[in-house]
1. One decimal, nm, shortest first: give the distances between the label point of residue B:188 and those of the same position in the other copies, each label point 7 Å from Cα along Cα→Cβ.
2. In Å², rounded to the nearest 100, what is the total accessible surface buried by chains A and B against each other with a 1.4 Å probe?
3. How far is residue B:151 from the same spot in each other copy, in nm, shortest first, if each label point sits 7 Å from Cα toward Cβ?
4. Run through segment A:95-157 and list the GluC sites (Glu not before Pro) located in a DSSP loop whose Cβ has at most 15 other Cβ atoms within 10 Å.
5. Once you measure Cβ to Cβ distances between cysteines in chain B, which Cys have no partner under 4.7 Å?
6. Counting only other chains, what is the mean number of Cβ atoms within 10 angstrom of the Cβ of each residue in peptide A:48-56?
7. Probe of 1.4 angstrom, ligands and nucleic acids ignored: what's the accessible area per residue over segment A:59-123, in square angstrom?
8. What does the charge dipole of chain A about its Cα centre add up to, to the nearest 20 debye, if the Cβ of each Lys and Arg holds +1 and the Cβ of each Asp and Glu holds -1?
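The values are calculated or read from the model by the stated rules, or taken from the named source; none is laboratory data. This one's a predicted model, so the numbers in the text were calculated from it and none came from an experiment. All Cβ positions, glycine included, derive from the backbone under ideal geometry; neighbour counts span all protein chains shown. For accessibility, only protein heavy atoms count, side chains too; no ligands or nucleic acids. Shrake-Rupley method; radii C 1.70, N 1.55, O 1.52, S 1.80 Å.
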Protein chains: 2
Amino acid sequence: MISLGANTFTPTTPVWVVGTYDHEGRPNVMTVAWGGICCSKPPCVYVSLRKATYTYGNLLERKAFTISFPSEEYVKEADYFGIVSGRDIDKFSTTKLTPVKSDLVDAPYVKEFPMILECRVIKIVEIGLHTEFIGEIIDSKAQEGVLDENKMPDVKKMKPIVWGLTNMSYLKVGEPIGKSFSIGKQVAVEKSTHDN
Amino acid sequence: MISLGANTFTPTTPVWVVGTYDHEGRPNVMTVAWGGICCSKPPCVYVSLRKATYTYGNLLERKAFTISFPSEEYVKEADYFGIVSGRDIDKFSTTKLTPVKSDLVDAPYVKEFPMILECRVIKIVEIGLHTEFIGEIIDSKAQEGVLDENKMPDVKKMKPIVWGLTNMSYLKVGEPIGKSFSIGKQVAVEKSTHDN
């Protein structure tokens, strides 16, 4: 193994669009890579933000956010949302995407994206350059067209993107290669066969 | 948008293998989906664990962990690491994978996986069913064979996997579809062209 230093290297990260209202009620969106699910009960998700971002102030004030998950076709918009600041620019207007006011939390989401989460901030954790905002997930919503026959969001239909930060590229999500809590059982079988 | 309830639905999650030593110094690994980078300076990563897991106790005691990122060829082993408990089973022995003792932190990593992080726990956040362990990344390491010409880990060579939890499937990572902090600039160009 080659040492690469104290870096935030993971093979892929999320590409998540965080929706908030500012003090004047204007909808804003910002793309983050530092985010993830952090608890199952209550269902919670976090995003980590620098204090310098416009979204940071919005979150402190409104204590609510959404996460909209972009599909492949919106990769340009997702990148753009991470380049410019909502202080200067109305990002919905420039991208011609549509803010929808959540019925459940005080934040807007992106109508055109296939799946979203609506969250209330329940904990704020100071770490260093970034502050972690932990939100309880009040509801998850998906476009009808991305649901499978079990009414579950189908990853192949959502066409999500991930970020390969070590190569500074967005990537598609590819083919399924195994069922979870299932394919691993072969390890035990192979072991016992080998032991016989 | 169709309401799907208060669920931890994201299109994809990490498939990360957390390495720890137990109280007797035995190496253990556990696969988690609740994990992510949460700060750039200091570089920090978290994993969220249920108190019932063996890794939870190891982390409380040792205050150190590694994350090993599996490649496609180890999808079975990664799933297996999330199915069985280190209380009962020596997971390295059953999978014939190799624990390597980190020189920097009190935890083992998986030799066969293409990239790893070595971390010291700096903060423990109680949320609910899951507890978040935030670790400072002391070093990142990769196998020489997955580095690109800039000595950066190449996502195409690492062949990472993600979890599509709404379909209970592991998925490959696909083709790059745009450069970050770059492709989004087209939005502004298109806007100004349209305005002319």
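1. 5.6
2. 8600 Å²
3. 5.5
4. A:149
5. B:38, B:119
6. For peptide A:48-56, the averaged partner shielding equals 1.
7. Using a 1.4 Å probe on heavy atoms only, each residue of segment A:59-123 averages 40 Å².
8. 160 debye
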